[in-house]
Each structure stands twice: as structure tokens, then as C-alpha cells.
């Protein structure tokens, strides 16, 4: 029986998962095309000039709850010995000049008492949230003080002061900014039994959330000095050992089509790959362009630049509780900090930290290593006697898009054009315009691959 030929474009987690899923269960011929010199995408490690490895931001793995998917992701051998398990993500946050190591959610009790009272009145009103805009949604759900002192400054921090508040999606939730801590544990638990309040109020501590959750809240991290890169490295090696044809430092240049389906893909070096199915994990416009499919779209998303500041110190940071922390404070540019030594295997050279700051086009000069260090000191994460042993400023352009309603509509329209034009292309990953979380991305890929039809 002739093998079905798959070409996977993009070697991030989505592409690696698709490759392993196909090769583990199906009689297929699989080729993966990756433009870089190694797979893994943002899960690869950054290596400083001193040779110290850092993750590109906070990355811990979680299971999906689907046995078949989780076995592909983590394997079945030596899992407990190769991975550290955490019953929940122990994240903290800094807001209104106050540290809270018990939850990543901002605690509005730190607002001045008059503002807190106004916010509580709005939260308890049970008014129907206005979803016409981000501004109206937050004001109707949490009140003007929370909008002005929390949500608006955070949006400006993440997406710039020119963020389009009228077009911004009302549910900007994928940075954790969708609920607030407002009451003690006893009152919170009672209110969260009512759906109107459950959508607004967070548990007082992350351990309370984990205790009440009906799903597995566990997270995992490799017991290896390469950090999260060790995971994608294993996925790459396993796929290659099972027959994956891995083409690194290659880019797709043209999608040849026959009767509404991709019949072959030409690479930038002239190589022509025949295919029966394509798994596309990179931006949709590239597929449309390379397949010469006409489409009309004047919309250009605003893409932020991620500034990652990697540091190694001679002593532990002063927060020894949290795996990572969010900074919701308007006075700081930093929005997230990874504290490796609170969850990763220690390195003999020193103690690592990675800070994340988003800037808009042309704003990169506003942040530098010195300003990042100043923020760490101002947050009391390091003291004046902490010595910097290693430091790097990593710049990743065109990462997070401004999450506007127009962006969603544009992505959905492009996906429809591609699906209507090509019958044998699976658009997977966050570029699919359908899913965002890691678990949802992987489950969507698994469902689209429809492996049951390929078993022999």
C-alpha cells in the first residue's frame, strides 16, 4: 500500500506534534520544513554569549487530558524521572506597589479605599456586561476605578498607548487579565457559586483555584539543563527516528495546485516535494500568496516586539515562592518575569531570571539592560548587593498581535478563503484563527488529522 505523503510547514510545537502523531499511528510519508536551523519555535532555548541557556519567556508544559495526545507529547517511558511535576502554576503578581505571591491575579483591595468601594459596587451590581467595546465591557463589569487603575494601564503596557480601545476585543484574557481578586476566601467561594460573579471574581489564592478545579491543574518542566527546549528536542528526535524527513534552513516558496488541491511544494532551493496533504502552521497569508490565491484585505495587524532580558545573578532572587510573576503595576514596563530557580534544575554558574517587555514598532530604544535591572530592584526582586554574572537583551519582532475585533474577523476571512480554495490543507496552531491555548491547539490538530482514517 502506497504511503500517503504529508508535508508539515513549520517546526514549532504544533508542527512537531503533528509529525509525531502521524508517524506513531499511520502508514504515511512525512516531511517537515523548518526555516530555522532547529525546531521548537519559541520553545527553543536562547544561549547567551557566556553560553548560559534561558527559555524564551515562561514555558511550562501541561497535559491535555486526552490520553492519546499526552502519550505523543510526553511518551510513556521515564516520564516521572525526566519531568518535575507541579500541582498548579504557582504564579504571583505585583500591583499597586504590593507583592502578592499567592496568585497571579491583581487584588483590587490594594486600591485606595474609596476606589475599592466603587469597584465593589460595580462588581456586585450584576449588570449585564456591555460587550460593544473593551472600555464598556470593563467599566460595566468592574467599574471605572478598576478600568482606570488596572485594565487601561495594562493594555497600554502590552499594546502601547495608541491601542485601539474601540476595536480591542472585550475579552482580553490570554494574559490572565479577565478577573480580579476582591474578597476573602470565604466570601469569594460563596459568590463564585453564582455565574454572574464567577466571571468577574478570582479565587483569593491559586491553591484555592486548584482545590476547587474539576480538571487536572498540573504542570511539568524537564529535569534537564536545556529547560523546555529539551521537550521539543525529544519530540524532534523521536519523529526523526520514526522516519520523519526533516528539512532545516528551508522555506516554502510556491504551492503548486491541481484541481483545488496542493499537489507539490517548491522550496527556496528549488527542491520540489510532492504531497497528498499539507499541515500549515505558519501565517495564513503566506499560503495564499504562495498558492497564487487572490484575496482582498487592507487590514494590517499591529505586531508587538518582545524584549526578553536574561540575567544570571550570584545569589537567589528575593522571591523564592513563585515560578513566575506578572507585573500589573502601571509604573513598570515589565509584564512577566520567569524565576527559574523556583522550578527548574539549578545551574552551578548562578541564578537565572528572564524579564519580558513588549514594545511597539520603533519603540525598542526605550528599554535596555540597565532599565530592566532598575525595575528588578524597584520591585525588590534583587538587592543592591546582587551581582550580575550574565546579561542579554533578546529582541523578537512581530510576536504578539494587538487583539482587535478586526484582527479576528480578518483571520477568519483568510482562513475561509484558504479552505474554500484548497481541499487538502490543514491550518494548525495559533495561526488557525480558531484556538490560542496550548491544549486547545494540540487537540484541534489531533482532530483535524483524523488519524483513524489512516490506520493500517
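Throughout, read-outs are computed from the coordinates displayed, never taken from laboratory work. This one's a predicted model, so the numbers in the text were calculated from it and none came from an experiment. Note that we place each Cβ from the backbone using ideal geometry, even for glycine, and neighbour counts take in every protein chain shown.
Size descriptor for the chain, Kirkwood hydrodynamic radius: 23.8 Å (Cα pairs only, one decimal).
Exposure proxy ranking for 219, 151, based on other Cβ atoms within 10 angstrom of each Cβ and starting from the fewest, stands as 219, 151. If one takes the longest principal axis of the Cα atoms in the chain, at what angle in degrees, from 0 to 90 and to the nearest 10, does the Cα axis of helix 229-241 lie? Approximately 10 degrees, to the nearest 10. Note on residue 347/residue 198: beta-carbon distance plugged into 1/(1 + (r/R0)^6) with R0 of 60 Å gives a FRET efficiency of 0.90.
At full extension, residue 320 and residue 298 could sit 3.1 nm farther apart than now, given 0.36 nm per residue minus the alpha carbon distance.
Taking other C-beta atoms within 10 Å as the exposure proxy, 314, 196 rank 314, 196 from fewest upward. Modelled this way, with points 7 Å down the Cα-to-C-beta line, the labels at residue 121 and residue 439 are 3.9 nm from one another.
Rounded to the nearest 10 degrees, the angle from helix 405-421 to the longest Cα principal axis of the chain is 10 degrees. Across every pair of non-identical alpha carbons in the stretch 104-204, the mean reciprocal distance, once inverted, gives a Kirkwood radius of 13.7 Å. Our analysis of the stretch 1-158 gives Rg over Rh at 1.13, with the two radii drawn from alpha carbon positions and Rh computed by the Kirkwood formula. For the stretch 11-71, dividing the convex hull volume of the Cα atoms by the residue count gives 102 Å³ per residue.
Its relative contact order, with pairs defined as Cα atoms under 8 Å and 6+ residues apart, puts the stretch 105-148 at 36 percent.
Between 0 and 90 degrees, the angle of helix 369-378 with respect to the longest Cα principal axis of the chain falls at about 40 degrees. Between the alpha-carbon centers of the stretch 193-207 and the stretch 316-337, tell me the distance in whole angstrom. About 23 Å separates the Cα centre of the stretch 193-207 from the one of the stretch 316-337. The stretch 342-385 and the stretch 90-161 have Cα centres spaced 25 Å apart. Relative to the compact-globule estimate of 2.2 N^0.38 Å, the Cα radius of gyration of the stretch 79-139 comes out at 1.67. Kirkwood-type hydrodynamic radius, the stretch 326-393: 13.3 Å, calculated from all non-identical alpha-carbon pairs.
Taking 0.36 nm per residue of separation and subtracting the Cα-Cα distance, full extension of the segment from residue 389 to residue 261 would add 40.6 nm.
Restricting attention to the chain, close to 70% of DSSP beta bridges with both partner residues there are antiparallel.
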